[in-house]
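Working notes, beginning with the structure itself.
The values are calculated or read from the model by the stated rules, or taken from the named source; none is laboratory data. From a predicted model like this one, the values you see are computed outputs, not experimental measurements. Heads up, the Cβs are rebuilt from the backbone with ideal geometry, glycines too, and the neighbour counts pull from every protein chain shown.
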Amino acid sequence: MLEPNARPGGTPPLLAVFTDFDGTLVEIAETPDGVEVPAEVTDRLGRALSQFDHAFAVITGRDIADIDRYLSPLQLPVAGVHGAQRRRADGSFDTLDQSVSTASDAIALALEPLVQAHPELIVEPKDGSVALHYRRAPELEETCRRALEEALLEHPGFTLIPGKMVYEARPAGLDKGTALRAFMQEEPFAGRVPVFIGDDRTDEDAFRAAQELGGIGIKLGPGTTAARMRIADIASVYALLQGLADISAGGHSDAPEDVPH
Ligand SMILES: O=P(O)(O)OC[C@H]1O[C@H](O[C@H]2O[C@H](CO)[C@@H](O)[C@H](O)[C@H]2O)[C@H](O)[C@@H](O)[C@@H]1O
């Protein structure tokens, strides 16, 4: 009898591959709008989508619309806003409760006076969450945390999460792990072995989910993590994607190409 996810004849298991976006597929920039996506990245991710038979998705803190804009014309399966938004492989969307959108708008509004007093801070309103960025004013970290905590007193359905030089408000009960699990219940992900690659604290839920489902979490960079494997940098992520595609195809996928640095 075959083990779950195994294929006969020593053929490698089919993989469902998930990656974070900022810091994993693209370098971190000073501002949210400052990231650069070289054309070869879009080409590479488009190839990954076909090499993994469409069982390839981005799970990000960003709005799905943001990811589509950066990766245009590619439209991947994406979970956005730390699991609050999700576009499935068939192009359909999970719907977000209107009350969540309304609450996240109100939280963003409550942070406006702080940003007016400190213009180096950035509020990034998203549909279902809010990010307060202090990368250009690291000394304001504690001020930002307290301001967001205070704003959340009126919105107990939201949780405060720390990221890379950012504090975010996210709907409680939704995270990158719930998003990964939702994908894994649907075609073409169901029955495959999940692999999740990420670099940040908000990726920990997805590392755990992938591993609990019999797969593997891969953490980019240093820091305490639940992930069982590590990877050094973004260029290695692209090399790994190619390597996994080669393994899945039994060594018959496209030849590796230059990886972004
Ligand atoms: O889950 P991710 O795809 O890693 O997204 C996490 C957050 O990424 C963005 O902020 C981070 O990247 C910015 C651009 O490099 C950087 O300026 C900022 O300091 C980082 O925190 C994005 O703006 C957020 O909405 C995402 O939640």
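Mind counting the residues in the stretch 72-90 that are farther than 18 Å from Asp199 by Cα, within 16 Å of the ligand (Cβ to nearest atom) and in contact with a strand residue (DSSP E or B) (Cβ under 8 Å, 6 or more places away or on another chain)?
As a first pass, look at the stretch 72-90 and keep what is farther than 18 Å from Asp199 by Cα: 72-77, 84-90.
After this cut, where a residue has to be within 16 Å of the ligand (Cβ to nearest atom) as well, the list is 74, 76-77, 84-87.
Next, only the ones that are in contact with a strand residue (DSSP E or B) (Cβ under 8 Å, 6 or more places away or on another chain) stay: 76-77, 84-87.
So the count comes out to 6.
Which of the residues that make up the stretch 78-103 are under 17 Å from Asp127 (Cβ atoms) and touching a His at 6+ places or on another chain (Cβ under 6 Å)?
Ala103
Just the residues that are surrounded by fewer than 21 Cβ atoms within 10 Å (Cβ to Cβ) and in contact (Cβ under 8 Å) with a residue 40 or more places away in the chain, please, taken from the stretch 163-183.
Within the stretch 163-183, Gly163, Lys164, Thr178, Ala182 meet the criteria.
Could you grab the pairs with beta carbons closer than 7 Å, sequence gap of 6+ or different chains, first residue in the stretch 132-147 and within 16 Å of Glu30 (Cβ to Cβ), second one part of a helix (DSSP H, G or I) and of a type in the set (Asp, Glu)?
Partner pairs satisfying both residue conditions: Tyr134/Glu141.
Kindly check whether there is at least one residue in the stretch 85-96 that is among the small types (Gly, Ala, Ser), in a helix (DSSP H, G or I) and modelled with pLDDT of 95 or more.
Step one: of the stretch 85-96, the residues among the small types (Gly, Ala, Ser) are 89, 91-92.
Cutting the leftovers down to in a helix (DSSP H, G or I) gives us none.
The answer is no, given that none of the residues of the stretch 85-96 is among the small types (Gly, Ala, Ser), in a helix (DSSP H, G or I) and modelled with pLDDT of 95 or more.
When the residues of the stretch 175-209 are narrowed to those that are more than 16 Å from the ligand (Cβ to nearest atom) and part of a strand (DSSP E or B), which ends up farthest from Ala57 (Cα to Cα)?
Selected residue: Val193.
Within the stretch 49-70, how many residues are in a helix (DSSP H, G or I), among the aliphatic types (A, V, I, L, M) and either buried (at least 21 other Cβ atoms within 10 Å of the Cβ) or within 14 Å of the chain's Cα centre (by Cα) (or both)?
Within the stretch 49-70, the first condition is being in a helix (DSSP H, G or I), and the residues that meet it are 49-51, 64-70.
Next cut, among the aliphatic types (A, V, I, L, M) only: 49, 64-65, 67.
Subsequent filtering for residues that are either buried (at least 21 other Cβ atoms within 10 Å of the Cβ) or within 14 Å of the chain's Cα centre (by Cα) (or both) retains 64-65, 67.
The total comes to 3.
Suppose we filter the stretch 15-36 for residues that are in a loop (DSSP other than H, G, I, E, B) and modelled with pLDDT of 95 or more; how many remain? First the steps, then the outcome.
Within the stretch 15-36, the first condition is being in a loop (DSSP other than H, G, I, E, B), and the residues that meet it are 20-21, 23-25, 27-31, 35-36.
Next, from what is left, pick out any that are modelled with pLDDT of 95 or more: 20-21, 23-25, 27-31, 35.
Here the count works out to 11.
So which pairs qualify, if the first residue must be in the stretch 117-131 and under 20 Å from Asp175 (Cβ atoms) and without any contact (Cβ under 8 Å) to a residue 24 or more places away in the chain, the second must be of a type in the set (D, E, K, R) and more than 8 Å from the ligand (Cβ to nearest atom), the Cβ gap must be under 7 Å, and the two must be at least 6 apart or on different chains?
Pro125/Asp105
Identify, by number, the condition in (1) among the polar types (S, T, N, Q); (2) farther than 20 Å from Leu25 by Cα; (3) touching a residue at least 24 places away in the same chain (Cβ under 8 Å) that Gln98 doesn't meet.
With respect to (1) among the polar types (S, T, N, Q); (2) farther than 20 Å from Leu25 by Cα; (3) touching a residue at least 24 places away in the same chain (Cβ under 8 Å), Gln98 is out only on (3).
Scan Thr95, Thr31, Thr102, Thr60 and give me the residue that is of a type in the set (Val, Ile, Thr), more than 16 Å from the ligand (Cβ to nearest atom) and closer than 29 Å to Ala137 by Cα. Break it down stepwise before answering.
Details: Thr95 fails: closer than 29 Å to Ala137 by Cα; Thr31 fails: more than 16 Å from the ligand (Cβ to nearest atom); Thr60 fails: more than 16 Å from the ligand (Cβ to nearest atom).
Result: Thr102 is the single residue among Thr95, Thr31, Thr102, Thr60 that is of a type in the set (Val, Ile, Thr), more than 16 Å from the ligand (Cβ to nearest atom) and closer than 29 Å to Ala137 by Cα.
The conditions are (1) buried (at least 20 other Cβ atoms within 10 Å of the Cβ); (2) among the polar types (S, T, N, Q); (3) in the same structural domain as Ile197 (by TED's automatic domain parsing), and Ser104 fails exactly one of them. Which is it?
The number of the failed condition is (3).
Name the single residue that is farthest from the ligand (Cβ to nearest atom) among those in the stretch 34-48 being among the hydrophobic types (A, V, I, L, M, F, W, C) and over 16 Å from Thr60 (Cα atoms). Lay out the reasoning, then the answer.
Step one: of the stretch 34-48, the residues among the hydrophobic types (A, V, I, L, M, F, W, C) are 35, 37, 39, 41, 45, 48.
Subset that is over 16 Å from Thr60 (Cα atoms): 39, 41, 48.
On the way: Ala39: 19, Val41: 14, Ala48: 16 Å.
Restricting to residues being among the hydrophobic types (A, V, I, L, M, F, W, C) and over 16 Å from Thr60 (Cα atoms), the top hit is Ala39.
Hey, can you tell me all the residues within the stretch 214-241 that are surrounded by fewer than 20 Cβ atoms within 10 Å (Cβ to Cβ) and either part of a helix (DSSP H, G or I) or among the aromatic types (Phe, Trp, Tyr) (or both)?
Within the stretch 214-241, Ala235, Ser236, Ala239, Leu240 meet the criteria.
Condition check ((1) in contact (Cβ under 8 Å) with a residue 60 or more places away in the chain; (2) touching a His at 6+ places or on another chain (Cβ under 8 Å); (3) in the same structural domain as Ala190 (by TED's automatic domain parsing); (4) not hydrophobic (A, V, I, L, M, F, W, C)) across all residues:
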| position | (1), (2), (3), (4) |
| --- | --- |
| Thr19 | yes, no, yes, yes |
| Thr24 | yes, no, yes, yes |
| Phe52 | yes, no, yes, no |
| Ile59 | yes, no, yes, no |
| Leu76 | no, no, yes, no |
